[in-house]
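Take a look at the structure set out below.
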């Protein structure tokens, strides 16, 4: 018997928890009802969790509950939270990875605190100096991995090279693609464009690319992120965060405008009868809940951060993401990549 | 009689010119047929320009043609172009602002060359060390001004403060708003977020804001750029360029997906009969041609760069932008703002 995939879930983090986390769990169990290869370790108020398990009629022997007294609040800074965090669902959820009791941790709680706690407990991987926050980004052909999305506002060449190795490993674990195509986000495609850090990183990525782990494709500009010609897009956390949020804002702006246009009078409302399923499919494809879950990479264990305000369906996608990441052997892919990178 | 608004136009720059530039001119003349307060100075091959004027039945005594032998090509680098540029339509178009023969210059040609030539000929304004590229960005309530969009990949505090003053003046000249609301692009809204440069810039903008020229609103995140609560958004050229292109890419991705969904079968195509006008209005509102024209600010004269690949309608919008900028007294607004900024 192979070892089961063990996922530690902070049941209390984020808005409307544990209701949404447990309903998300229900969706996950429904989707994977035929499988028997996972264990779900829930951290939080045992009574409340049990109430919600009852509410959603979940009775599954793959679930373990670990009682914790308190919850990290959204207003806490990393400093105040760490002092009083050892009894929180978040701390215990991360800590469960120590000694391999869980393979991955998931929380929808306070991002800053999660990052600091994760780093404290799991420690950086040997040879990696900064952890990165990676995200999934829809494109014409499927999904990209983009990193860093905000963990590091300033990055060195070595940080960006590490991100290329970490991001490629993540992509490979998720999509079992032999050679992820990696691009470096810049403001032009010519070699002379960008900062010195970007130019030097690009030169070094070219050298690494001749080896086995990924194909380095050079620079990519913001307007091509969603073309589907790159699998992994590398950038510093400042630029990545602005790009991600700008894309979110643009998508919201356009879909709200579309909605306004299509409901402005009786005739257009009537037309919705005929385009209902097409528009539903359109909305479904671009549903941000599907991309819910940013992944902290570079620690001795993966941590997934669900959006705090997301609903139970969105939380389900992040549980599913955890399952896929472990099944795809993320950590061993990362170790392979890093060993390779250090040879150059 | 007040002095007429005098616009210098590079008739040869960009794809499909001078056909598109002259057709754009036709749209401008049609829109402003009742006005008599402008002069349009065209630079390029006289024969070709005359052919197109004939083609579009333009016979207007507000047009002057200045013959030039050559055109800056898209493949040229600023260095090669400057050596051989004195006979080009672009050089002469910019040079016409010297001694006040034109109030503004417009070109759809090579951006890099245009920036270098503009700086060489017009020189920096006293007290401004770097020019910025400003653009118009649609939002829920109208339009933002965003700068820098790519002229400077690294910016100091003073550069960003200059951009706030330049951008506010531009907004005021375009929208005659007494106090533009200025925000600084960052990855969070809390004071502790971002680089040291951003934190220090924010402190100084707060002090300036207590004065008369603009209201400083603090940090803004990428997802709020299009909310319409800020009029002027300040950022370095690297971040601004990535944000702008990411927004373009996202808009394209969504509208292409929508188009695919709405034309996938007979029923959805049928629904288009009823939503045709609503969708047309939707498309019209988001038409990127309306936002065509980035403005170089910080030189002793404004230069507008039209997108090279835009069509005649898009070029029309950039001629119209030139007209509005001069009518709104951009240069004197800028001088007023800079005088204010130097007091702090």
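Bridge orientation summary for chain A: considering DSSP beta bridges with both residues in this region, about 30 percent are antiparallel. Structural size metrics of segment B:1-139, computed from C-alpha coordinates, are Rg and Dmax of 15.4, 46 Å. When you restrict to C-alpha pairs under 8 Å that are six or more residues apart and normalise by the size of chain B, the relative contact order lands at 24 percent.
Percent relative contact order of segment B:111-239, based on C-alpha pairs within less than 8 angstrom and at least six residues apart? Reported relative contact order: 35 percent. With contacts taken as Cα pairs under 8 Å and at least 6 residues apart, segment B:27-69 reaches a relative contact order of 52 percent. For residue B:190, the label point sits 7 Å beyond Cα toward Cβ; its separations from the matching points on the remaining copies run 4.2 nm, from shortest to longest. The same position residue A:309 in the other copies lies at 3.4 nm from this copy, comparing label points 7 Å beyond Cα toward the beta-carbon, shortest first. Pull up the DSSP beta bridges for the protein assembly as shown and report the antiparallel fraction as a percent, rounded to 5. Around 30 percent of the beta bridges assigned by DSSP in the protein assembly as shown are antiparallel ones. Each of B:331, B:124 has some number of other Cβ atoms within 10 Å of its Cβ, and from fewest to most they run B:124, B:331. Computing FRET efficiency as 1/(1 + (r/R0)^6) for residue B:86 and residue A:215, where r is the C-beta to C-beta distance and R0 is 56 Å, gives about 0.80. Once the Cα-Cα distance is subtracted from the 0.36 nm per residue extended length, the residue B:179 to residue B:33 segment shows a gain of 49.4 nm. For residue B:70 and residue B:99, the FRET efficiency from 1/(1 + (r/R0)^6), where r spans their Cβ atoms and R0 equals 22 Å, is about 0.40. Applying the Kirkwood pairwise sum to the alpha-carbon positions of chain B produces a hydrodynamic radius of 21.0 angstrom. Label-to-label distances for residue B:281 across copies, nearest first, come out at 2.7 nm, using points 7 Å from Cα in the beta-carbon direction. Annotation: peptides B:75-85, A:128-138, ranked by per-residue average of other Cβ atoms within 10 Å with the highest first, follow the order A:128-138, B:75-85.
With a Förster radius of 22 Å applied to the C-beta separation of residue B:256 and residue A:280, the computed FRET efficiency comes to 0.80. As a ratio to 2.2 N^0.38 Å, the alpha-carbon radius of gyration computed for segment A:200-261 takes the value 1.50.
Only alpha carbons enter this Debye calculation for segment A:129-297, each as an equal point scatterer, and the log10 of I(q)/I(0) it gives at q = 0.13, 0.14, 0.20 Å⁻¹ is -0.65, -0.73, -1.28. Legend: mean number of C-beta atoms from other chains within 10 angstrom of residue C-beta atoms, peptide B:222-231, equals 4. Gaussian network model of chain B, Cα springs within a sub-10 Å range: biggest mean-square fluctuation belongs to which of B:160, B:29, B:297? Of the options given, B:29 has the highest mean-square fluctuation. Across the alpha-carbon set of the protein assembly as shown, the Rg to Rh ratio works out to 1.01, Rh being the Kirkwood radius.
Readers should treat all values here as calculations from the given coordinates under stated rules, not as data from a laboratory. Note that this is a predicted model, so its numbers are computed, not measured. Here the Cβ is made from the backbone with ideal geometry for all residues, glycine too, and neighbour counts use every protein chain on show.
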